[in-house]
Amino acid sequence: MTVTKNALVKTLLECGATHAFTLPGLGITWTLDEFYEVRDRFRVVLTRSEQTASVMAQTYGKLTGRPGVFMGQGPFASTTGAFGILEARFAGSPMVVLTDTSCYDGFGMYGVYQTMTGDYGAADVRTVLGTMTKYCGYATEPHEAVYGLQLAFKHAQLPRMGPAALVMKTPIIRREMPEQTRVKLYPSEGYLRHTPARPDAAGVAALAEIVASARCPLIVAGQGTQTEGTRALLDEVSRRAGIAVATSYNGKGVVDETGPVAVGMLGTWGSKSANRMMARADVLLVLGASLGPDYLRFRDEGMIDPNRQRIVHVDVDPRHAGWVVPVELAITGDVGDVLQMLQAHDLGEAQRDRRVAAIAANNAEHGFGVLPGVVTADGMLHYADIVRVLDHTLTPNDMLVLDAGNNRIWVTSMLRLRTPGQLVVPGGIGGMGWGLPAAAATKLVYPERHAICLIGDGGAAMTLSTLATCVQEQLPITVIVANNQGLGMVRDNMKGRRIAVDFSPMDFAKLAEGMGCVGIRVNRADALGDAIAAAREATRQGRTTVIDVAIDPAASHVPVSDY
Ligand SMILES: Cc1ncc(C[n+]2csc(CCOP(=O)(O)OP(=O)(O)O)c2C)c(N)n1
Ligand SMILES: [Mg+2]
């Protein structure tokens, strides 16, 4: 006899899933024992909140390109768990959400307690998830649970990738699967097959011609360039023809930022060198970037102007090209495929040296990676100190995970990353508290690498329980808490009349010790390097380490005078 939950686990395995992240409840609790049998092949990671579970699933998807599975009970998966789902939606991370209507056995129309069926007195988990997923199936019969899960995997991994959900009416989870049904089920494989559409060769040739004749071409690299193969191709193509590479937040660090073509990240929280290079570019080659107004300084015409610049846009989703700005040429396809095809074309190699010299002059003029002098009170550091130490201590084996706030702005605008793909960011919704679970998931995906999370005291307090998950699941990470006792980024905007931005003190090193981690406090700039070295060693021994860095509350975000 097969019960729905047996079939669910079988389908997860058929779809190639090897991990799920959860904080269980009701319907999900009913499925749990089924995972016991397959625990050698499938790892269920237990977190301390749905928020942490959803971010871990999203980051797993972001880094592997395979859907991260998040399992949670309806009312919580769709509220606290919505955090990671929404990030997956905005950042295009493949993710599958498995949840239920929490209506117990046949009480969907009766109870207000937890019920998410959409009936009178209940809330509606499908409506909530429908606003933030690519696909949201609703299973009211056992066979629909299997088929709905198959389709959720299909939708999650088709371009542009993103979150897909299956909502199950709770009682079906323990119900027997009928042997004979009118609707037949098939193995998952055939639903998941996909051959990517290839970019149009004539379009790519036209693109090459436009770039070849450009005096000052600029690549805008976004999320769509962040796969290992594409990063290598981007590096090669841009260097060969001397094409400057600027990035979105999601694209930051896609090429070696100390190399000859990188100009940094665009936008108010990016580098002036990138913004200025865009302003002077005559051709913009947009690769897998949505051109979101957030990093174009809200379509600042001094930076981007379709009347002045020739704009070519490459994206897997044809709806993205010509979305925010009208373009001259739109190519539908994977950026990696387009770059591969471009290898056979001249992109203006004869102009290479002149173009590279112009990039170098631009970066020197606008101080790319040059930290401003800062003054801090005794016994405290400035964000700039953290950036300086990271610049000296990051190795190619390190992964750097960011969060939100001033601490991240100092990195995105001032730190030049040398190892492509080493930065992991919440470029979708940029939510505080994302960094800790994201770093735990990064360690899970890359067990051989050292995952360092830089986070503010505001963000760290939000998902602090992730430290316990790191200990329990043996995912040792290093956390640098930039502790300025408040919401620095908000505080900066408050010009006097300060309210609701200052926190009572919190000692993150002590809190970490209480959760079985190593805690270190740093209040001098010259002690931070040693602390990171100690943390590196501790993580080698399997110990998660939290470095509480006393940041001067007066230290503000990077001054953004004239872009
Ligand atoms: C979950 C969430 N709530 C609110 C915001 C808006 N916000 C952006 S930065 C910030 C302050 C962050 O404070 P902290 O984490 O301590 O970093 P700091 O700016 O102090 O370095 C806030 C409230 C957000 N991005 N995410
Ligand atoms: Mg803070």
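Taken over region 71-95, the criterion of being open to solvent by less than 10 Å² (accessible area, probe 1.4 Å), under 22 Å from the mean Cα position of the chain (by Cα) and more than 25 Å from G251 (Cβ to Cβ) is satisfied by M71, G72, A77, S78, G81.
Restricting attention to region 226-237, does a residue exist that is buried (at least 21 other Cβ atoms within 10 Å of the Cβ), in contact with a strand residue (DSSP E or B) (Cβ under 9 Å, 6 or more places away or on another chain) and in a loop (DSSP other than H, G, I, E, B)? Among the residues of region 226-237, not one is buried (at least 21 other Cβ atoms within 10 Å of the Cβ), in contact with a strand residue (DSSP E or B) (Cβ under 9 Å, 6 or more places away or on another chain) and in a loop (DSSP other than H, G, I, E, B), which makes the answer no.
The numbered conditions (1) in contact (Cβ under 8 Å) with a residue 40 or more places away in the chain; (2) surrounded by fewer than 13 Cβ atoms within 10 Å (Cβ to Cβ) are all true for S188 except (2). Counted as qualifying within region 415-497 are the helices (runs of 4 or more DSSP H) with 2 or more residues that are within 14 Å of ligand 2 (Cβ to nearest atom) and open to solvent by 40 Å² or more (accessible area, probe 1.4 Å), namely 457-462, 488-492.
Residue-wise test of (1) within 16 Å of ligand 1 (Cβ to nearest atom); (2) within 26 Å of the chain's Cα centre (by Cα).
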| site | (1), (2) |
| --- | --- |
| D492 | yes, yes |
| V501 | yes, no |
| L511 | yes, no |
| C517 | no, yes |
| R521 | no, no |
| A527 | no, no |
| R536 | no, yes |
| T539 | no, yes |
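Per-residue answers, yes or no, for (1) within 16 Å of ligand 1 (Cβ to nearest atom); (2) modelled with pLDDT of 95 or more:
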position	(1), (2)
T376	yes, no
D385	yes, yes
G427	yes, yes
G433	yes, yes
T442	no, yes
P447	no, yes
T463	yes, yes
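Screening the candidates I219, I210 for the property of being open to solvent by 10 Å² or more (accessible area, probe 1.4 Å) and either within 30 Å of P426 (Cβ to Cβ) or not in a loop (DSSP other than H, G, I, E, B) (or both) yields one hit, I210. Here R39 meets the list (1) more than 23 Å from K154 (Cα to Cα); (2) buried (at least 18 other Cβ atoms within 10 Å of the Cβ); (3) basic (K, R) almost entirely, failing just condition (2).
Annotation note: of V558, V549, the sole residue that is open to solvent by less than 20 Å² (accessible area, probe 1.4 Å) and either within 12 Å of ligand 2 (Cβ to nearest atom) or touching a Cys at 6+ places or on another chain (Cβ under 6 Å) (or both) is V549.
The values are calculated or read from the model by the stated rules, or taken from the named source; none is laboratory data. The model shown is predicted, which means the values in this text are computed figures rather than measured ones. Here the Cβ is made from the backbone with ideal geometry for all residues, glycine too, and neighbour counts use every protein chain on show. These area figures cover heavy atoms from the full protein model, side chains too; ligands, DNA and RNA do not enter into them. Shrake-Rupley method; radii C 1.70, N 1.55, O 1.52, S 1.80 Å.
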